[in-house]
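The values are calculated or read from the model by the stated rules, or taken from the named source; none is laboratory data. Here the structure is a predicted model, which means the values were calculated and not measured. We place every Cβ from the backbone using ideal geometry, glycine too, and count neighbours over all the protein chains shown.
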Ligand code: HEC
Ligand code: HEC
């Protein structure tokens with residue numbers, strides 16, 4: 001019993017298992033005894049490792065930390081610490097990360113890596129490779145653009161109030177001419193385009209139209225890497241501003257979308273839809 005000794009002893013003490021008893025057991029036995037006691041004590045809602053002799057168990061805790069609920073009975077929002085970052089540094093990282101891990105990873109991993117450098121702690125081990133799933137609008141489905149997905153996940157990881165940041169950056173994605181940042185290691189210039197949609201499919205096809213390049217060209221790969229850089233940069237600027245108390249949306253929900261939502265969204269006369277996307281990207285306006 002060499003690793004995790006402190007933790008094991010702390011839990012054992014809390015459960016009233018004699019320190020000497022634990023000290024004289026080998027690690028597996030100690031863990032098994034403790035887990036057994038926890039189960040017997042019936043700790044409410046706690047998730048405890050069932051089979052502590054299982055070979056996967058190395059230096060992990062025995063009890064999964066309990067989920068805290070807020071006043072509304074929803075999962076308590078518990079962001080990790082954030083410090084002001086250099087938007088260009090994160091953007092340059094995002095460009096390179098996109099090329100090795102695709103779009104969602106490009107944005108998400110860059111923020112985590114930069115924070116690992118500046119803060120350390122939880123960012124040293126926070127898993128980033130899981131975000132590879134976001135590639136091509138989720139495994140090539142062309143749904144939510146991976147840079148949007150990665151941005152929103154990163155905002156949720158670090159911001160105490162992620163919603164306004166996410167709204168701002170998604171609207172920037174929809175309505176700004178992107179990419180609007182040339183990464184340090186860029187190997188070409190990229191024609192910008194406006195997607196007016198959060199979808200990978202629409203964003204890519206609008207860009208193909210604007211640039212004359214194909215969806216599976218090396219130019220498109222580079223374009224999405226520049227896009228990841230632009231999105232990471234915009235996210236960091238918004239997070240920095242929010243932390244400094246100076247955040248103000250530059251890309252609010254347009255009046256036209258607000259008008260549609262007034263009748264069709266929550267509390268509206270029809271209330272038969274939900275969402276903040278640009279409605280006219282798919283629907284025609286109609287007489288009312
Ligand atoms: C003043 C309220 C109001 C506003 C504003 C409004 N709608 Fe509607 N919408 C209606 C009503 C009423 C209907 C008809 C429902 C029916 O006939 O069952 C309708 C029907 C629709 C339909 C389904 C039928 C169709 O015509 O295709 C769509 C889609 C739609 N609206 C989208 C929009 C969009 C997009 C906007 C904004 C550009 C918008 N609406 C603004 C009230 C509104
Ligand atoms: C990505 C494309 C897309 C976007 C963006 C979009 N819609 Fe739709 N919407 C659809 C599709 C597809 C349907 C289902 C097919 C249909 O009924 O036309 C639908 C259905 C609807 C309906 C029900 C239509 C009916 O016949 O009853 C309404 C109302 C509607 N959308 C309103 C909106 C509003 C308001 C927005 C903006 C906040 C919006 N939509 C954004 C694609 C879209």
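Points to keep in mind about this one:
- Residue 266 vs. criteria more than 12 Å from ligand 1 (Cβ to nearest atom), over 21 Å from residue 104 (Cβ atoms) and not assigned by TED's automatic domain parsing to the domain that holds residue 91: yes
- Filter result (surrounded by fewer than 16 Cβ atoms within 10 Å (Cβ to Cβ) and in contact (Cβ under 8 Å) with a residue 24 or more places away in the chain) within the stretch 127-140: 129, 133
- Residues of the stretch 242-263 classified as over 15 Å from residue 198 (Cβ atoms) and within 10 Å of ligand 1 (Cβ to nearest atom), total: 7
- Number of the exception - residue 220 against (1) without any contact (Cβ under 8 Å) to a residue 60 or more places away in the chain; (2) more than 9 Å from ligand 1 (Cβ to nearest atom); (3) surrounded by fewer than 17 Cβ atoms within 10 Å (Cβ to Cβ): (3)
- A single member of 218, 266 is within 13 Å of ligand 2 (Cβ to nearest atom) and over 30 Å from residue 115 (Cβ atoms), and it is 266.
- Condition check for residue 211: closer than 21 Å to residue 108 by Cα, in contact with a strand residue (DSSP E or B) (Cβ under 8 Å, 6 or more places away or on another chain) and more than 16 Å from ligand 2 (Cβ to nearest atom): no
- Some residue of the stretch 233-241 being out of contact with any helix residue (DSSP H, G or I) (no Cβ under 7 Å at 6 or more places or on another chain), more than 8 Å from ligand 1 (Cβ to nearest atom) and on the phi > 0 side of the Ramachandran plot: no
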